[in-house]
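Everything below concerns the one structure shown next.
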Amino acid sequence: MLSGLPPSAEKFLIDINRLQQRNERAQQQITSGLKLSKVSDGPDDISRLLSARAGLDRVHQVQLNLGRVKVEVDSAENALGNAVSLVERARVLASQGSSGQQDAPARMQIAGELQGILERLVSVASTAVEGRYIFSGDNDQVAPYALDPATPGGVTAYQGSVSTREVADASGLRFSVAQTADNIFDSADPETNVFQAVNGMRRALLAVDNPPDPPDPSIPSIEQAMHNLGAASIYLNQRLAGYGLVQNRVAEAGDTANKLAVSWKQQVSSIQDADLAEAATELTQSGMALEAAFSARAKSPRRSLFDYLG
């Protein structure tokens, strides 16, 4: 109770203070667009707001991670698509070179084209995204291969490592997103080793007119080289399909994350954002109530000591 004031005056001041608080709160909501701008605006809602914001932040990080992985996976899929086309071109050249209708200069020219295809395959294996060799596994600062004509595969030993690269979806479930160049191009099985298949065909064609002495058992026959190219083509298409599956997984995870982000944003907005129409109505009503209160107070009779003396 306010000391020294009659009960009616005290009630008047309490009512005025309450109306002024309503008016100020409405003005603040209209100015800031926020229903909650400090803890005192809604203590019970703060924990809900913080939880919703944390959920939204988590989903935003998932979206960022998936976006970066999408660029990587799309680049890998495109690179392997080019590799498939190169191997198909190698098969066409091999068919021409082994037809028996080519002379030595023609076979040498075809062997030269196969050498060019091998070089381009090594370049594909060295595809980089954001400064990372995406087929080098975890050792992604080093190109996985370089040309080495002295070897059966025509390339150096694999310089990368295994890949432990994963990404998490919005539920926290993690999945692998990368394959390594040794698994794609340099399979331990000679029949599915892409580098060896292309280089083996090149060496087989050159050996027709210039057979090594003594014979080199690492050089396949024309028939075996043709078979290996066909098997390598099938194998490479399977690796390409694997990236297609990862693309689908990333796209699905992205769609889910986008929907979840919308849901979290709606929750944050429902807790935090002001209803401007409602705030405007409150501002008008509280303002009118204040004016009415002051007007009524001004019109109320004021009695002095002389009124009681008679």
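The values are calculated or read from the model by the stated rules, or taken from the named source; none is laboratory data. The structure presented is a predicted model; accordingly, all values stated were derived computationally and were not measured. Heads up, the Cβs are rebuilt from the backbone with ideal geometry, glycines too, and the neighbour counts pull from every protein chain shown.
Of the residues making up segment 202-224, those that are part of a loop (DSSP other than H, G, I, E, B) and of a type in the set (D, E, K, R) are ASP213, ASP216. Within segment 114-138, the set of residues being touching a residue at least 24 places away in the same chain (Cβ under 8 Å) and either touching a Cys at 6+ places or on another chain (Cβ under 6 Å) or part of a helix (DSSP H, G or I) (or both) comprises LEU114, GLN115, ILE117, LEU118, GLU119, ARG120, LEU121, VAL122, VAL124, ALA125.
For VAL198, the conditions (1) in a loop (DSSP other than H, G, I, E, B); (2) in contact with a Leu (Cβ under 7 Å, 6 or more places away or on another chain) all hold with the exception of (1).
With respect to ALA170, is the statement that it is assigned by TED's automatic domain parsing to the domain that holds VAL122, small (Gly, Ala, Ser), within 29 Å of LEU114 (Cα to Cα) and buried (at least 19 other Cβ atoms within 10 Å of the Cβ) true?
Details: assigned by TED's automatic domain parsing to the domain that holds VAL122: yes; small (Gly, Ala, Ser): yes; within 29 Å of LEU114 (Cα to Cα): no; buried (at least 19 other Cβ atoms within 10 Å of the Cβ): yes.
No, not satisfied.
For segment 139-164, which residues satisfy the criterion of being assigned to a loop (DSSP other than H, G, I, E, B), in contact with a strand residue (DSSP E or B) (Cβ under 8 Å, 6 or more places away or on another chain) and of a type outside the set (S, T, N, Q)? Selection gives ASP140, VAL142, ALA143, PRO144, TYR145, ALA146, ASP148, GLY154, GLY160. Set side by side, the residues PHE135, PHE175 differ, and just one is aromatic (Phe, Trp, Tyr) and surrounded by 19 or more Cβ atoms within 10 Å (Cβ to Cβ), which is PHE135. The set of residues from segment 139-185 being free of Cβ contacts under 8 Å to residues at least 60 places away in the same chain, among the hydrophobic types (A, V, I, L, M, F, W, C) and within 24 Å of ASP255 (Cβ to Cβ) comprises just one member, LEU173. Looking at segment 263-279, is at least one residue more than 30 Å from GLN63 (Cβ to Cβ), at pLDDT below 75 and surrounded by 14 or more Cβ atoms within 10 Å (Cβ to Cβ)? So far as segment 263-279 goes, yes, one or more of its residues are more than 30 Å from GLN63 (Cβ to Cβ), at pLDDT below 75 and surrounded by 14 or more Cβ atoms within 10 Å (Cβ to Cβ).
The lone criterion from (1) of a type outside the set (Val, Ile, Thr); (2) crowded, with 22+ Cβ neighbours inside 10 Å; (3) more than 30 Å from GLY67 (Cα to Cα) left unmet by ALA181 is number (3).
One residue stands out among those in segment 165-195 that are in a loop (DSSP other than H, G, I, E, B) and of a type in the set (A, V, I, L, M, F, W, C): the one that is modelled with the lowest pLDDT, which is ALA188.
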